[in-house]
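Below is one structure; the comments refer to it alone.
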Amino acid sequence: MQKYVIAIDGPAASGKSTTARQLAKALEYVYIDTGAMYRACGLDALNKGIRLDDLPALQQMLAQISINIIYRPEGNRIILNGEDVSQRIREADITRLSSEIAIIGIVRTRMVELQREMGSQGGVIMDGRDIGTVVFPHADFKFYMVADVKERALRRWKEYQAKGENTSLEAIRQELIWRDKNDSSRAISPLKKADDAYEINTTNMSIPQQVDYLLKIIEGANAH
Ligand code: DC
């Protein structure tokens with residue numbers, strides 16, 4: 001089977017990353033979570049005490065930044081400047097900071113450059129907000145996943161509970177609403193469905209159903 005580039009976009013907690021990871025496993029592809037890269041940028045700025053309006057300092061940070069995504073079927077490891085930050089970047093302060101730093105043009109330019117390099121060989125599934133619109137506008141397959149905010153908040157709440165973190169469902173819902181707005185209203189590469197993307201509403205779908213749905217489309221196209 002040909003080594004495709006598969007783009008999956010959509011708002012936070014719409015089912016992208018779990019589906020993308022399992023799809024990558026099924027197809028023996030590499031999975032790249034681009035949200036983790038913006039999270040790593042936010043953490044780097046925080047660690048270095050760089051304010052988001054200090055563009056020269058951010059530029060210098062971006063020139064030196066090293067982000068490695070070590071692909072693992074059970075969950076990627078994210079290495080920032082030699083340090084494993086996989087856990088740290090999932091914390092609430094970095095979640096918010098990642099959405100704030102993702103507005104900045106020089107940050108996006110650098111991340112898109114890295115993402116195109118990572119996907120240049122094909123055989124890759126990349127998820128994010130602008131993969132089908134900006135990073136790989138000619139991707140072989142584009143999917144746009146959506147789900148009701150109540151359901152998305154519940155999914156995140158369950159993830160937090162499983163990690164032993166106690167956050168209220170309402171606080172999670174409010175944070176998701178804030179991030180949806182911030183990610184879709186920015187001037188550069190906002191969260192948006194590509195015209196030629198398949199839209200999937202995952203509100204009432206299980207993860208296996210989502211994976212199956214995408215696989216059928218990909219395998220169906222391959223059969224022609
Ligand atoms: O997918 P995620 O929740 O880990 O992403 C964290 C933030 O990064 C998200 O709120 C917006 C930003 N992001 C982006 O702007 N473009 C991408 N391709 C991926 C993420």
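What follows draws every value from the coordinates through simple rules; no lab data is involved. A quick note: this is a predicted structure, and the numbers were derived from the prediction, not measured. Ideal geometry is used to build each Cβ from the backbone, glycine not excepted, and the neighbour counts take in all protein chains shown.
What the table shows:
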read-out	value
Computed over the chain: relative contact order in percent, which uses C-alpha pairs under 8 Å that are six or more apart	33 percent
Range in the chain, longest, excluding exposed GluC sites (Glu not before Pro) [loop by DSSP; at most 16 other beta-carbon atoms within 10 Å]	92-164
Label-point gap, in nm, between GLU113 and LEU55 - each point 7 angstrom along Cα→Cβ	1.6 nm
Whole-Å distance, taken between Cα centres, linking region 118-145 and region 1-48	10 Å
The chain: DSSP helices with Cα axial extent of at least 18 Å and average Kyte-Doolittle hydropathy no lower than -1.0	34-48, 105-119, 207-222
